[in-house]
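> So that we are looking at the same thing, I have put the structure below in structure tokens.
Every number here is computed from the coordinates shown, using simple stated rules; none is lab data. It should be emphasised that the depicted structure is a prediction, and the values quoted were computed from it without experimental measurement. Every residue, glycine among them, receives a Cβ derived from its backbone with ideal geometry; neighbour counts consider all protein chains shown.
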């Protein structure tokens, strides 16, 4: 995808500097930047040196200067990327989502979409907790694979898809075990069978089979016990009815 934007000659210098920033070139000794061009290169140097907090402030200054739509767009992308490099994935998520919304036809869309998926993947919870970030990561990676089937990142994206699916499967097993421990065997069986059906590549399928067999055996035993209890209860009722009938008969023939 390309933006296909035409720029006038008066923006040629700024675009050249943007290219320098994106390529990591144009390094010079750090000094207080004065022009917007110097601020951009200064911000990129800070990022390259791992000074992410200072780099964020520098890129925000570039963004807030509103020199041109192209420079603002670049600054917004660099802010999100700097949060990503700083491993501030919640903030990076917000930045990347805003970028995709504001610039849906950007030639950097593929990179941004992939990194957005990584942001959500990095926010995944353990199997005992809510899996909303996992579902979102899976959604983003699936979209990336559909839109960019020939991307060199495809193998890694497929690996991350498997990671998301395995986390979701583990979550379902946690719920299935909870139902099993609570004696709700039908619900446990439903959850475990769902995992076997929907996550065929989950590496611990043998463990699921063990839990499923346990739930089925306990459920069968519970059914037998219930039938026995019901039979005993009916016998008690029948005996009570017999005793009541016997009392009534004895009352009829009670000596005068």
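> Pulled fully out, how much extra length does the chain show between residue 139 and residue 70, if you take 0.36 nm times their separation in residues and subtract their Cα-Cα distance?
21.9 nm
> Work out the FRET efficiency for residue 132 and residue 218 from their Cβ-Cβ distance, taking R0 = 22 Å, and round it to the nearest 0.05.
Taking R0 as 22 Å, the efficiency between residue 132 and residue 218 is 0.10.
> If you count, for each residue, the other Cβ atoms within 10 Å and average over each peptide, how do 73-80, 47-54, 147-154 line up from highest to lowest?
Put in order of decreasing packing, that is 73-80, 47-54, 147-154.
> While we're here: Using 0.36 nm times the number of residues separating residue 51 and residue 210, minus their current alpha carbon distance, what extension gain do you get?
Gain on stretching residue 51 to residue 210: 52.1 nm.
> Which whole-number percent gives the relative contact order of the range 42-114, counting Cα pairs below 8 Å spaced six or more residues apart?
In percent, rounded to a whole number, it is 21.
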